[in-house]
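Have a look at the structure below before the remarks.
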Amino acid sequence: MNSFFICDCHNDFLTELDFESIKQYLNLCNNENVKVLCSSFWTSKMNKAYIKKQIGERAELLKENSNSWLFHVEDMWWVENKRELADLLKLKPFSCSLTWNDWNLLAGGAFSEGELTNWGRFCTEKLLQNGTIIDTAHLNRKSFYQVADIIKKNIYCSHTAFYGYKRHKRNLTDKQIELIVNSNGFIGLYFYHKALKLNGDFSCQDIVQNLKYFTSRWGSDNIGIGSDFYGIDVYPKDLKGYQNFDKLYCAMKEGGFSSSEIDKIFYQNFINFMSRVKGEKYET
C-alpha cells in the first residue's frame, strides 16, 4: 500500500473502457490510494447519437461507485442548442471543456484559429451558474483569454504542460500560467511525451523537470496531476499507472522536492481547489 494519496484531474478511462472494465479499474484505483479521479468522457470522435446514449449512463456509473469519481465532459461540440445544453446540465458534471483541439461552434481549440463565439459565451455563463467548472485545457490562446475573462477566479486547466519549457501548441505560456496562478486556480500536468520531453527516453525525470520549471517560478500551491491516462499513447517507461507513482515520488525527492511539496502536488492542491470552487470541505 502506498504511503501517499493521489488526485488525478484528467483520465480518459471512462471513454476507453466498457462498463465492467470501468468498475474493475475504479477498484484498482482505490487500492492505489487514488482519492479523487476526474473521469473524462471525451466526445470528439463520437457521433451525437452515441454521445446521447452513453453520457448519462457513464455519469451515473461514477456516482454509483463513489462521490470521489468526478465526471468531466471533454469537448462540447455536440451541444448545439439550449435543449441540449439543458440535458447536459441535468447530469451535473464536475467540469466541462468547450473544445478539443479543433474549432467548434463554441470556441477555438489549440490547433485552430477560432475564438469564443456568442454561443460559447452563453454556454460558459450557464455552466458557471450551474456550478460546473470550465476546463480551459485545449483552448487556443485567444479563446483561453476570452473564457478566463468570464471566469476571473479559480481558473482551471486540467491537463497541460509549459510552453516555456517545451514549445507545443497545447502548452500554456508563462503569461497564461501567471493568470491562472494569480486567480488562485489550478493546473494539472499531463504525461504527454510530445509536450514534456526534450530528448532521450521518456521517463519520470521528464515529469520532474517540468514540475521544477513550474515550481521555481510560481511555487507549489497551484500545480497538480492531470495524467491523461488512457488519452496518451506513449507512457513514461517507469510510470505505466498509479501503481508506479512511488517511482515518481522517489524521482521528485531526488530532484529536490520535499515530502510536503510532493503531497501538495500529488493530491492536496487539487483538494484545496475543489474546496474553493465548490464551497465544500474535502478531506482524504
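Odds and ends about this structure:
- Annotation: F94 fulfils all but one of (1) of a type in the set (F, W, Y); (2) in contact with a Phe, Trp or Tyr (Cβ under 9 Å, 6 or more places away or on another chain); (3) surrounded by fewer than 16 Cβ atoms within 10 Å (Cβ to Cβ); the unmet one is (3).
Residue by residue, here is whether (1) under 20 Å from the mean Cα position of the chain (by Cα); (2) over 27 Å from K169 (Cα atoms); (3) without any contact (Cβ under 8 Å) to a residue 12 or more places away in the chain holds:
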position: V73; (1), (2), (3): yes, no, no
position: W77; (1), (2), (3): yes, no, no
position: N81; (1), (2), (3): no, yes, yes
position: A86; (1), (2), (3): no, yes, yes
position: K90; (1), (2), (3): no, yes, yes
position: L98; (1), (2), (3): yes, no, no
position: W103; (1), (2), (3): yes, no, yes
position: G108; (1), (2), (3): yes, no, no
position: F111; (1), (2), (3): yes, no, no
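- Looking across the stretch 193-235 at every residue that is touching a Gly at 6+ places or on another chain (Cβ under 9 Å) and β-branched (V, I, T), the one that is nearest to I177 (Cα to Cα) is identified as I223.
- Condition check for D206: touching a Pro at 6+ places or on another chain (Cβ under 8 Å), at pLDDT 95 or above and of a type in the set (D, E, K, R): yes
- Pairs where the first residue, in the stretch 230-247, is free of Cβ contacts under 8 Å to residues at least 60 places away in the same chain and the second is of a type in the set (G, A, S), C-beta under 7 Å, 6+ apart: P236/S203; K237/S203; D238/S203
- Some residue of the stretch 39-53 being under 30 Å from Q243 (Cβ atoms), modelled with pLDDT under 95 and either surrounded by fewer than 22 Cβ atoms within 10 Å (Cβ to Cβ) or touching a helix residue (DSSP H, G or I) at 6+ places or on another chain (Cβ under 9 Å) (or both): yes
- Within the option set D87, D8, being of a type in the set (D, E), buried (at least 17 other Cβ atoms within 10 Å of the Cβ) and at pLDDT 95 or above holds for one residue only, D8.
- Qualifying residue in the stretch 229-238 (condition: touching a Cys at 6+ places or on another chain (Cβ under 6 Å) and closer than 14 Å to L189 by Cα): yes
- Residue list for the stretch 131-148, filter: touching a Leu at 6+ places or on another chain (Cβ under 9 Å) and either among the polar types (S, T, N, Q) or over 22 Å from Y267 (Cα atoms) (or both): T132, T136, H138, L139, K142, S143, F144, Y145, Q146, V147, A148
- Scanning the stretch 143-165 for residues that are crowded, with 18+ Cβ neighbours inside 10 Å and farther than 21 Å from C123 by Cα turns up H159, T160, A161, F162, Y163, Y165.
- Hey, D12 without any contact (Cβ under 8 Å) to a residue 60 or more places away in the chain and out of contact with any His (no Cβ under 7 Å at 6 or more places or on another chain) or not: no
- Count of residues meeting criterion [under 14 Å from the mean Cα position of the chain (by Cα) and part of a loop (DSSP other than H, G, I, E, B)] in the stretch 155-169: 2
The values are calculated or read from the model by the stated rules, or taken from the named source; none is laboratory data. Worth saying up front: this structure is predicted, and the values here are computed from it rather than measured. Note: ideal-geometry Cβ built from the backbone for every residue, glycine included; neighbour counts use all protein chains shown.
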